[in-house]
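The values are calculated or read from the model by the stated rules, or taken from the named source; none is laboratory data. Quantities reported herein were computed from a predicted structural model and do not represent experimental measurements. Note that we place each Cβ from the backbone using ideal geometry, even for glycine, and neighbour counts take in every protein chain shown. Heavy atoms of the whole protein, side chains included, go into the accessibility calculation; ligands, DNA and RNA do not. Shrake-Rupley method; radii C 1.70, N 1.55, O 1.52, S 1.80 Å.
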Amino acid sequence: MKKKAGRARRKRDTSRLKSEGDLNLSGQRQQWLHRNIDSKTRRLLAEDEKFFLRQSLSTPCLNVLKRCDGLYLEDLQGRRYMDFHGNNVHQVGFKNPRVIAAIKAQLDELPFCTRRYTNVPAIRLANKVAELAPGNLNKVLFAPGGTSAMGMALKLARAATGRFKTVSMWDSFHGASLDAISVGGEAIFRQDAGPLLPGSEHVPPPDPSQCPFSCGASCSLQCARYVEYVLEKEGDVAAVIAETVRSTPYIPPADYWKTIRAACDRHGALLILDEIPHCLGRTGKMFTCEHYDVVPDMLVIGKGLGGGVFPLAALIAREDLDIVPEGALGHYTHEKNPVACAAGLATIECLERDGLVENARNLGVQALDRIKDMAWRHALIGGGRGLGLLLGIELIKNRKTGQRACEEAEEVMYRALEKGLSFKVSMGNVLTLTPPLTISQAQMDRALDIIEACIQSE
Ligand SMILES: Cc1ncc(COP(=O)(O)O)c(C=O)c1O
């Protein structure tokens, strides 16, 4: 009886489920569908829901897409949307011609690589990734997705330390499998999941707006020092696992990672940084940890590594962690998929040749300035934050209380969609903007104009 009541209570309170993204069962979603979706698309959406298992954040779906190109998505009704969401796979833009050409050429030559063999694109991509990664992160394992790469990192940490405990952050996301949600901290994935991995300790993330240490407007590093407190009390933690910056986004202060790196070193814990969504330039550096001048023991990347086409992720480990030649860390069927690796190589080539990392850095600074300026003009905007082209606009009901403006954020999101701009809302009230790194100043201005107009009409 008690358990049922608990579940019913959780179902009513959806705010704690919104950390990862906007929910797909809201009244506002229904109204948007009613206003914007024609009968043909409606029939397809119904068919999709009939055949796919329903789940929060995805099925039932919002709309049916027909094509994508560069910054744009196009739906079946021929409407185009600037995609400031893109699941963070579209650093080089959708259907990037160089990536598509590399994939087509590889398909004609060697579309798959049976285990026991290797292939030139896989070797070249591993070499390139190791060359780009900071410090002695020189050994690579590919996996067909970020979650699997995180799983490999967890296994390697256990093998390397002989310990099994982890310290990770509340509200973090590292993938949807049982091991990943054990170290992840989001209610939507953990609720009703049953027993998770033992020894998965959680600490508060460096998010001043939710800080249990009441650090005020900016992080005072008490949460970083608390990580050391937990490492000391537990005494036998294998690894600290975290996103270098959180997608929501919150951006830890300059000394945050140095403090945690030093604590890990003092207590024999490895540092695993998850840069799956923001690797390869989004934050204005090839890897986000470079902003903090810190080298983790393992760096996990993914998403855009597959060029916005293939699921491809990589665990990049310290060279001396190559210690389990007789065990199996990954053993994934598509571990050295030549087509995915050709896409990865072409993606990195685009980033380097077209100066996309610099573009992300420069446009990000200008966009954040404009967002902060908008905050002066609109009471609904509590503030802006970001790094490179990972940007967030926080909407609040009241500047004094900081109460989150969740309904308003959802309304702004659906209004923006009607004006041709797609983005997601995270934590319930943060408009989260992650455009391709190929975006121009004019396109960025246009997107912020749309957001400002939508906020103005609130
Ligand atoms: C920070 C982070 N880690 C891990 C993952 C999981 O990656 P994948 O969906 O490729 O398994 C994601 C996906 O959104 C992510 O954002």
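Structure notes:
- Whole-Hz couplings from phi, Karplus 6.51/-1.76/1.60, listed for the stretch 235-247; x for Gly and Pro: x, 9, 8, 6, 7, 9, 10, 7, 7, 4, 10, 8, 5
- Label zone at Gln31 (point 7 Å along Cα-to-Cβ), backbone N below 12 Å, the stretch 434-458: 458
- Here the Karplus relation 6.51 cos²θ - 1.76 cosθ + 1.60, evaluated at θ = phi - 60°, turns the backbone of the stretch 403-420 into coupling constants of 4, 5, 9, 6, 5, 4, 5, 5, 4, 4, 4, 5, 5, 4, 4, 5, 9, x Hz, with x for every Gly and Pro.
- Carbon-plus-sulfur accessible fraction, the stretch 91-211 (probe radius 1.4 Å, protein heavy atoms only): 56%.
- Per-residue ³J(HN,Hα) for the stretch 86-101, Karplus 6.51 cos²θ - 1.76 cosθ + 1.60, θ = phi - 60°, Hz, x for Gly and Pro: x, 6, 6, 9, 10, 3, 9, x, 5, 6, 4, x, 5, 5, 5, 5
- Cα centroid of the stretch 276-295 to Cα centroid of the stretch 188-211, whole Å: 24
- Antiparallel %, DSSP beta bridges [both residues in the chain], to 5: 65
- Take every pair of alpha-carbon atoms less than 8 Å apart whose residues are at least six positions apart; their mean separation over the length of the stretch 273-355 yields a relative contact order of 28 percent.
- Accessible area (Å², per residue) of the chain, counting only protein heavy atoms and a probe of 1.4 Å: 45
- Among the chymotrypsin sites (Phe, Trp or Tyr not before Pro) found in the stretch 31-76, those both in a DSSP coil and sparsely packed, with 13 or fewer other Cβ atoms within 10 Å of their Cβ, are Phe52.
- Net length gained if the chain between Lys40 and Ala453 were fully extended (0.36 nm per residue, minus Cα distance): 145.6 nm
- Per-residue ellipticity at 222 nm computed for the chain from its helices equals -12000 deg cm²/dmol, with DSSP H segments shorter than 4 residues left out and the rest contributing -39,500 (n - 2.57).
- Carbon + sulfur, % of accessible area of the stretch 237-355 - ligands and nucleic acids excluded, 1.4 Å: 47
- Judged by the ratio a/c of the largest to the smallest principal axis of the C-alpha gyration tensor, the chain counts as rounded, that ratio being less than 1.5.
- Label-to-label distance for Ser214 and Glu131 is 5.4 nm, based on points extended 7 Å past Cα in the beta-carbon direction.
- Cross-link pairs exceeding 23 Å in C-alpha to C-alpha distance, out of Lys40/Lys303; Lys139/Lys303; Lys336/Lys424, comprise Lys40/Lys303; Lys336/Lys424.
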